[in-house]
Amino acid sequence: MVQAKADVQLKSLLRTLARDTTRTELTERRLAESLLAAATLRKQLREQQRASQQVERSLQVLEQALRQIATLEHGKRTDRRLARAQRVANRALAQADRARAPRASSRRGPRGAAPT
């Protein structure tokens, strides 16, 4: 009788151990997949940041050139091509300013609070 009770408890313990081992293996597999996904996402983020920095540098160069065009002085007679280039430059600069305005406000935290 005591032996039978010990056998039942041993079988129960073995079932629990087998179930826990299976869960552990599944959890380890999920962890490995998650780590791989995280590494992939970090790599994509770095690539996007690099691309964004390159675009930002290009925009700065373009904006500087547009500002230089817009501030060119006319001689005695206004060149139509220069005047047209200045109008286009001023429109492009205004559009760039409008495009930056929402981005600056989106950096705010909840309820318009400044980020910390």
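Mind running the shape call on the chain? Use the C-alpha gyration tensor, a ≥ b ≥ c as the square roots of the eigenvalues: rounded below 1.5 for a/c, prolate if a/b tops b/c, oblate otherwise.
Cα axes put the chain in the prolate bin.
Could you tell me the calculated FRET efficiency between GLN53 and ARG98, based on Cβ-Cβ distance and R0 = 22 angstrom, to the nearest 0.05?
So, using R0 = 22 Å, E works out to roughly 0.50.
Evaluate the distance, in nm, between pseudo-label points positioned 7 Å from the Cα of LYS76 and of GLN3 along their respective Cα→Cβ axes.
12.5
Please give the FRET efficiency for GLU63 paired with ARG87, using the beta carbon to beta carbon distance and R0 = 25 Å, rounded to the nearest 0.05.
0.95
Report, to the nearest whole %, how much of the accessible area of the chain belongs to carbon and sulfur atoms, 1.4 Å probe, protein only.
Taking all protein chains in place, the chain shows 57 percent carbon and sulfur surface.
Is the C-alpha gyration tensor of segment 1-61 telling us rounded, prolate or oblate? Criteria: a/c under 1.5 is rounded; beyond that, a/b larger than b/c is prolate, otherwise oblate.
Cα axes put segment 1-61 in the prolate bin.
Averaged per residue, what accessible area in Å² does the chain show with a 1.4 Å probe, protein chains only?
92
The values are calculated or read from the model by the stated rules, or taken from the named source; none is laboratory data. Fair warning: this is a prediction, and the values are worked out from it, not measured in the lab. Heads up, the Cβs are rebuilt from the backbone with ideal geometry, glycines too, and the neighbour counts pull from every protein chain shown. Surface areas here come from the heavy atoms of the whole protein model, side chains and all, with no ligands, DNA or RNA. Shrake-Rupley method; radii C 1.70, N 1.55, O 1.52, S 1.80 Å.
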